[in-house]
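Let me begin by presenting the structure, written as structure tokens, before commenting on it.
Each reported figure results from applying straightforward, stated rules to the coordinates on display, with no laboratory input. What you see is a predicted model; the values in this text were computed from it and never measured. Heads up, the Cβs are rebuilt from the backbone with ideal geometry, glycines too, and the neighbour counts pull from every protein chain shown.
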Amino acid sequence: MKKQKKVDIKKLLEMTREPSRFAKKLHPFYRGKIEVVPKCKIKDFNDFSIWYSPGVAEVCKDISKKPELVYEYTNKWNSVAIVSDGTRVLGLGNIGPEAGMPVMEGKALLYKYLGGVDAYPICLGSADEKEIIQTVKILQPSFGGVNLEDIEQPKCFSVLDTLRKECHIPVWHDDQQGTALVTLAGLINALKVVAKKINKIKVAMIGAGAANICVCKLLSLYGVNPANIILVDLHGIINKDRSDLTPNSEKWKLTVNTNVGNLSGGIKEAMGDADAVIALSTPGPGVIKKEWIKAMAKNPIVFTCANPTPEIWPWEAKEAGAAVVATGRSDFPNQVNNSLGFPGVFRGVLDVRASTITDTMCITAAVELASCIADNKIRPDKILPSMDDWKIFPKIAAAIGVRAIKEKVAHKKLSYDEIFNGARVIIKRSRAITETMMKNGYIKNAKNKI
């Protein structure tokens, strides 16, 4: 038997602290991560008579007669609003809209650099469900799509469901659909590593918030038998005997098809004999114990994706016998993170001017993401491509765009190649602009700060 390499835990723990330390220094240095810059030529001040008054009036009159022209004459076609009330910010909880701004700015940065999408943080001074819905609806004239972010449950479900029905632009909740898409992609390839079939596996899902509830739905749609899915929340395994579940709530609905054996208990019991565990719960470490992984089925898959710290450290999961381990962090192998999904998804839906993002579109994007690594290249420590493989984003854009056209929710009919090539140009441009600004000093060098 091959001897396992000894893990330098002290060194690994120190490495996990570096991003936080650098973030504290660099955020005040740059005073934000995004800005608005012109995209049209300005040869001299006379050009403002074209871009603003009086010339712009003729453009306004055209749009007034035919509102759809706003997509051709303005940047609406490429604009996404990132809307949050700051009530559930990545593992930090209800810290408020101002404290959520750095996260939303970071999201906007990823949208631009990875997808060529112009995204704008909009942190609301209200946590009221009706006001959030109304705000998004009245913002529609300015944006081609909306990304809901870090909104607490249960309202995040009703906010998304209502807006998907009542808006004429695509609205998506990245903590639900984005997480589910990338998790499904990771599971598809992890199962290839352990040679197991998706319709035969038992899955323990630790955490029953917005993310895992949507993951559960998408896994079931793709082929996981819901009867073999066991979900656990703070009060234990979700089953038909739970009197604390609110009737007609998302958790209550899950008792109909999941956990057919009506298993009770907690995380330990849910993980027993499970082929895979998908944890999106309380930041760790220590939420999941090594002995619980040892009690799982042979060659278990362990996704521990709590932010900012996984439920168990990856090296501990491996020591316990996990065949494939993934987290939500970029500083460990196998990052299962939304950033692999949403830039390409919105690139595609914006380019075909889709009116919604369906669950089947999400599955299409997940399958495309998984296929970005050839079967003979998939390894236990490489089940998904990384963010620096920029070609995955035009591929996802093209796949989801074609699917939107097929489902008749797109206003523009383009071929796969047209969507792919267009996305490729836009994304390359975004990266080139950033690199040029860094090279010429318009983005300051922060070398002395880290």
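Tabulated data
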read-out: 5 angstrom amide H check on Met205, placed H, neighbours 5+ away; value: Ile230, Leu231, Val232, Ile278
read-out: Max mean-square fluctuation residue, GNM over the chain, Cα-Cα springs under 10 Å, options Ile312, Ile278, Ile42; value: Ile42
read-out: Percent RCO, i.e. relative contact order, over segment 180-327, from Cα pairs under 8 Å lying at least 6 residues apart; value: 22 percent
read-out: Paramagnetic reach from Ser243 (point 7 Å along Cα→Cβ, amide N under 20 Å) across segment 254-270; value: 255-256, 262-266
read-out: Max mean-square fluctuation residue, GNM over the chain, Cα-Cα springs under 10 Å, options Ser339, Ser158, Ser249; value: Ser249
read-out: Cα centre as origin, Lys/Arg/Asp/Glu Cβ charges: the chain dipole, Debye; value: 1480 debye
read-out: Proximal lysines to Lys444, defined as alpha-carbon separation beneath 26 angstrom and excluding residues fewer than eight positions away on the same chain; value: Lys24, Lys25, Lys33, Lys39, Lys41, Lys43, Lys107, Lys112, Lys428
read-out: GNM result for the chain, Cα springs below 10 Å: residue of Pro28, Pro154, Pro285 fluctuating most strongly; value: Pro28
read-out: Using a Förster distance of 41 Å, the FRET efficiency for Arg379-His235 (Cβ separation, nearest 0.05); value: 0.60
read-out: Mean-position separation - Cα centroids, segment 334-408 and segment 176-209, in angstrom; value: 16 Å
read-out: Gain on full stretching of the segment that runs from Lys39 to Tyr73 - 0.36 nm per residue minus C-alpha separation; value: 11.0 nm
read-out: Hz values of 3J(HN,Hα) by residue in segment 251-264 - Karplus curve (6.51, -1.76, 1.60), Gly and Pro given as x; value: 5, 4, 4, 5, 5, 5, 10, 8, 6, 4, x, 6, 4, 10
read-out: Segment Trp51-Glu418, length gained on full extension (0.36 nm per residue, minus Cα span); value: 129.2 nm
read-out: Relative contact order of the chain, pairs being alpha-carbon contacts under 8 Å that are 6 or more residues apart, as %; value: 15 percent
read-out: Pair Lys298, Asp273: separation of 7 Å Cα→Cβ label points (nm); value: 1.5 nm
read-out: Gyration tensor verdict on segment 180-327 (Cα atoms; rounded if a/c is under 1.5, prolate if a/b is larger than b/c, oblate otherwise); value: prolate
read-out: Cα gyration tensor, the chain - rounded (a/c under 1.5), prolate or oblate; value: prolate
read-out: Restraint check, Lys382/Lys412; Lys253/Lys413; Lys155/Lys253, Cα-Cα greater than 26 Å; value: Lys382/Lys412; Lys253/Lys413
read-out: Under Karplus coefficients 6.51, -1.76 and 1.60, residue-wise ³J(HN,Hα) of segment 268-278 in Hz, glycine/proline x; value: 4, 5, 5, 7, x, 6, 6, 7, 8, 10, 10
